[in-house]
1. Where does the chain land at 222 nm, in deg cm²/dmol rounded to the nearest 500, when only DSSP H runs of n ≥ 4 count, each adding -39500 (n - 2.57), divided by all residues?
2. GLU76 versus SER222, label points 7 Å from Cα toward the beta carbon: distance in nm?
3. Taking amide H positions as placed 1.01 Å from N in the peptide plane, with prolines and chain starts having none, which residues 5 or more places from LYS91, or on another chain, fall under 5 Å of its amide H?
4. What distance in nm separates the two pseudo spin-label positions at ASP239 and ASN144, each 7 Å out from Cα along the beta-carbon direction?
5. Taking amide H positions as placed 1.01 Å from N in the peptide plane, with prolines and chain starts having none, which residues 5 or more places from ASP67, or on another chain, fall under 5 Å of its amide H?
6. Please compute the length gained on full extension between ARG20 and ILE246, using 0.36 nm multiplied by the number of residues separating them and subtracting their Cα-Cα distance.
7. Based solely on C-alpha atoms, express the radius of gyration and the Dmax of region 149-301 in angstrom.
8. Near the amide H of GLY98, under 5 Å away, which other amide H atoms are found, from residues 5 or more places off or on another chain, if H is placed in the peptide plane?
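Nothing in this text is a laboratory measurement; each read-out follows from the coordinates by a stated rule. None of these values were measured; they are calculated from a predicted model. Quick reminder, even Gly has a Cβ in these numbers, built from the backbone with ideal geometry, and neighbours come from all protein chains shown.
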Amino acid sequence: CKGMFLDFVSVLKKYDETLRNHIDNGKKNVLYTSNLIQNDLLKSINNVMKRKISSKIKNKLISVCADETSDVGYREQMFVVVRFFDPLKNKPTEIFIGLQRLHAVDPSSIFNSLTEKIKEINVDWSSVLAVCFDGAATLSGKNNGVQAKIKIENPQIQYIHCYGHCLNLVLVDSLGHKNRVVFDFFGCVQMIFSFVEGSPIRHSVLEKISQQTNNKLKTLKSLSTTRWACRSEAIEAVDHNYDSLIQCLSEIYKTTKLADVRLKANGLIHNLKSFNFIFALTVLKPILIQIRIVSAKLQSPDIDLLAAVSIVEALKKSLTDLRTDEDNYSTLFDKVLDICSSQKIEIPNVKQRKVSSRIDSNNTQHFISDKKIEMKCFVYYTVLDDLLNGLEERFSQETLLLISAIGRLLQFNLHEHDLILLSNRFNLNDSELEAELRLLKSLPEFEIGKTSKTIYQWLNNLSTNNLCNSFQNFYKILTLFVTMPVTSCSCERSFSKLSLVKTKLRSCMTQDRLESTMLIFVEQELASELDPEDIIEEFKHLNNTQRRLEL
């Protein structure tokens with residue numbers, strides 16, 4: 001096997017006479033097709049790209065996002081992305097600057113690796129505005145974590161706990177194992193996937209029944225253990241295929257000759273045709289769909305902190321409305337009863353649970369006698385309350401004061417403490433900022449608002465009307481604020497590309513080759529803009545090597 005590089009050369013030489021003469025007639029010791037030359041070429045491209053990135057962020061404040069994963073060779077890799085404001089595009093831009101192998105995952109090792117990585121693009125911590133990690137204690141620790149070590153270098157750096165991870169932690173805490181009905185429901189959904197999709201024969205039975213009933217099959221999904229917001233897709237699939245699944249499991253139960261398969265099919269039928277399963281399916285589906293929408297928005301590379309807080313607040317309000325809307329709960333419960341009636345599912349009796357008395361003048365206790373009220377109190381309210389408490393706790397970050405100040409800034413309603421906060425945070429002259437705001441109020445073409453859309457309207461209007469220098473303090477606040485990241489999802493988006501570059505067949509790839517290949521693969525647009533002459537010049541002088549071939 002020659003390898004992909006040599007195969008490409010063999011194809012290209014058919015269409016390039018110069019290359020063909022070089023490969024066929026040139027000296028065999030200067031063909032430049034060895035693996036060492038390939039590595040040097042990749043390293044040359046990597047170095048030129050790093051210089052290009054360095055020139056883009058020169059004299060700018062940036063934010064740093066980092067996340068870790070392990071590759072197919074069981075090596076811990078840290079991905080690093082920088083975010084900066086691009087005046088040409090008039091919006092923030094995120095660029096992957098590389099990955100670094102971690103030989104240890106203690107705070108000192110991670111901090112040193114991060115420092116080394118940003119130095120490759122000629123950046124030190126004095127030029128960093130904010131950092132964004134997940135909530136692991138090693139990274140987020142205020143006393144001994146990476147956050148603490150970074151703030152020793154620059155106390156002004158803002159630490160942001162990735163909003164995507166925050167939302168995921170809310171779901172883990174709220175829907176993990178607190179409520180028995182919800183816990184059993186998720187276990188059943190996962191078992192359905194494992195049982196049906198674990199065998200091509202059982203899957204074909206489900207396909208056959210779906211075709212016979214003219215019910216388009218929706219692919220069953222496994223429950224993600226890391227992305228809880230995506231569990232709505234698994235629930236939607238079970239809901240859509242519910243009738244087909246019942247028939248499929250019944251047929252497997254009747255026809256299988258394997259005792260364990262028969263037992264599992266019978267158990268799944270029993271669970272699918274239980275009141276608790278139908279109730280959890282009906283109640284959780286709309287809640288998780290809302291959360292999935294919010295999760296997808298939070299992972300957008302274009303989102304800013306103001307928009308992130310707005311959408312989280314919208315989710316809180318929506319869940320609170322569900323909590324207080326008796327008509328909505330009645331509609332959901334009626335739907336549960338209709339499904340149970342059509343499937344001949346028996347409604348269980350109410351458990352005789354004593355409700356604790358409230359501390360008031362009427363010190364009495366009573367029992368719940370209605371199934372509707374029982375499920376509302378012990379399942380529906382419990383789930384919503386846990387979600388709301390989790391959202392309140394997880395999203396109460398230090399950045400909220402800054403975000404609130406930006407919201408009031410866009411409405412020209414700054415309080416004195418907001419003015420001090422913004423001036424100190426972004427190193428501004430508070431008197432000049434106050435004067436600029438007075439002038440901006442009188443400009444009729446600018447709309448007052450407090451949304452993320454308003455920020456970008458201001459940025460566009462100031463740029464279009466050449467007013468950036470006239471209102472430089474106001475403009476600087478907006479550009480630096482949108483530079484602060486919301487999530488570290490840009491790092492995670494690169495994880496999937498790692499599995500394409502470093503496959504099982506390339507598990508012994510050297511770290512230098514991996515880093516160079518990943519930078520080219522992830523930042524393809526930037527790589528396509530490179531001048532080949534720059535790469536050749538870099539290649540000529542790489543490692544002070546005297547090339548045998550004159551370039």
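1. Rounded to the nearest 500, it is -18500 deg cm²/dmol.
2. Placing both labels 7 Å along Cα→Cβ, they lie 2.4 nm apart.
3. Here the answer is ASP86, since their amide H atoms fall under 5 Å of that of LYS91.
4. 4.6
5. PHE79
6. 74.9 nm
7. Reported Rg and Dmax, both Å: 19.4, 69.
8. Result for GLY98 returns VAL80.
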